[in-house]
1. Would you mind calculating the gained length between ASP110 and LYS10 on full extension (0.36 nm times residue separation, minus the Cα-Cα distance), in nm to one decimal?
2. For LYS80, which lysines qualify as cross-link partners when the Cα separation must be under 19 Å and same-chain residues fewer than eight apart are set aside?
3. Enumerate the amide H contacts of ALA183 below 5 Å, restricted to partners 5 or more residues apart or on another chain; note that Pro and chain-start residues carry no placed amide H.
4. Quickly estimate the mean residue ellipticity at 222 nm for the chain, helices only: each DSSP H run with n ≥ 4 gives -39500 (n - 2.57), and the total goes over all residues, rounded to 500.
5. For the chain, just the Cα set please: Rg and Dmax, both in angstrom.
6. Given 0.36 nm per residue, what is the gain on full extension from LYS180 to TRP219 after removing their alpha carbon distance, in nm?
7. Relative to the first principal axis of the alpha-carbon coordinates of the chain, what is the inclination of helix 210-222, with its axis defined by its Cα atoms, in degrees from 0 to 90 and to the nearest 10?
8. Using alpha carbons only, how many degrees (0 to 90, rounded to 10) separate the axis of helix 148-165 from the longest principal axis of the chain?
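Values quoted throughout were computed directly from the atomic coordinates according to the rules given, and no laboratory measurement underlies them. These numbers were taken from a predicted model, which means no experiment stands behind them.
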Amino acid sequence: MIEIKKLTKKYGDRTVLNIESLRVEKGETVVIVGPNGSGKSTLLKILSGTLTKTSGEIISHGDIYYLPQQCIPFRKTVRKNILFSVKNDSERIKRTDEILSLLSLSDFADRSAAGLSGGECQRLALGRVLVNDGDFLFLDEPSSAADIEGTEIIEKAITEYKRRTGCGILMTTHSPGQAKRLADRIIILHNGEIAEEGSPDELLASPKSLWGKRFIDFWKFVK
Ligand SMILES: Nc1ncnc2c1ncn2[C@@H]1O[C@H](COP(=O)(O)OP(=O)(O)O)[C@@H](O)[C@H]1O
Ligand SMILES: [Mg+2]
């Protein structure tokens, strides 16, 4: 279980995150949506330990893996990028091959990761996360650089991983379709605060908060 109580992050006088309470259970997928700058990445960075909080409490149990919004490949082949991330020695080669195949990266296995396209690099970064069995995944816009096919591959890989491990997932997205497909619960973040929380059907169809309504209207407009 991951639990947050009164979590804040400030830069100078500006509060960019102010979460009263949030809980993610194992087996549950919680999807965070919200405009640029609403604090999505800040929240995942703090939860993954890559950024310090200003105040508040975080209670977490279990192995956590984090996919940052930015894909940074190691200067190695695609296969080695994955291989170096496998914790379990006896399973390294097998797991690496499985993940390469799951993410349609087998054809690139022996190429330098530096030459990958944005979408391919994003699949590689996800592969480094999914190659180990974790209790919780924090995924920051896991398919933002992917095309339609890439998005399908990524969603399938995440779904398959969750089915196999029973992990809990906290992820962000800009795609309402993705939120609907993957979420058990959606959270709308606005100005660092939870504006609204609910099941995908309820929340996407009839948001109750002002910011929820504005955000969903904007989504509909863009679609
Ligand atoms: N190092 C920093 N110094 C000052 N402000 C920052 C810093 N990092 C992030 N912010 C601000 O915090 C807010 C939330 O950022 P972020 O969590 O990346 O938003 P999101 O992921 O929802 O687009 C933004 O307004 C951003 O400009
Ligand atoms: Mg972000």
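1. In short, 31.6 nm is gained.
2. Excluding near neighbours in sequence, the set is LYS94.
3. The list, which skips near neighbours in sequence, is empty: none.
4. Computed mean residue ellipticity for the chain: -11000 deg cm²/dmol.
5. 17.5, 53
6. Working: separation 39, 0.36 × 39 = 14.04 nm, distance 1.29 nm.
Result: 12.7 nm gained on full extension.
7. 50 degrees
8. Here the helix axis deviates by roughly 90 degrees.
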